[in-house]
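Here is the structure we will look at, set down as structure tokens.
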Amino acid sequence: MTTDKIDNHYHQQLSALMDGNLPPDEARFLLRRLQHDDELTGCWERWQLCGDVLRGQAGLQIRDTLGDG
């Protein structure tokens, strides 16, 4: 398998996990992988943030940095 196919496979699994459609044994494996794969973890965090924003649940705090010059 090439790197692109592997990345695509994990992204599909991640999507299924977020939707609650990943079988339990695959979910356990993916959750273990998330503990060691910073790129995949970053993807998970970004997708969670996107979902929160779309649902109107994002609690972002914006700090005024204009005067920090």
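The values are calculated or read from the model by the stated rules, or taken from the named source; none is laboratory data. Computed from a predicted structure; not experimentally measured. A quick note on method: Cβ atoms are made from the backbone with ideal geometry, for glycine too, and the neighbour counts reach across all protein chains shown. Just so you know, the surface numbers come from the protein's heavy atoms only, side chains and all, with ligands and any DNA or RNA stripped out. Shrake-Rupley method; radii C 1.70, N 1.55, O 1.52, S 1.80 Å.
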Filter pass, Leu66 being modelled with pLDDT under 85, open to solvent by 80 Å² or more (accessible area, probe 1.4 Å) and among the aliphatic types (A, V, I, L, M) | yes
How many of the residues in segment 7-47 are loosely packed, with under 14 Cβ neighbours inside 10 Å and not in a helix (DSSP H, G or I)?
-> 5
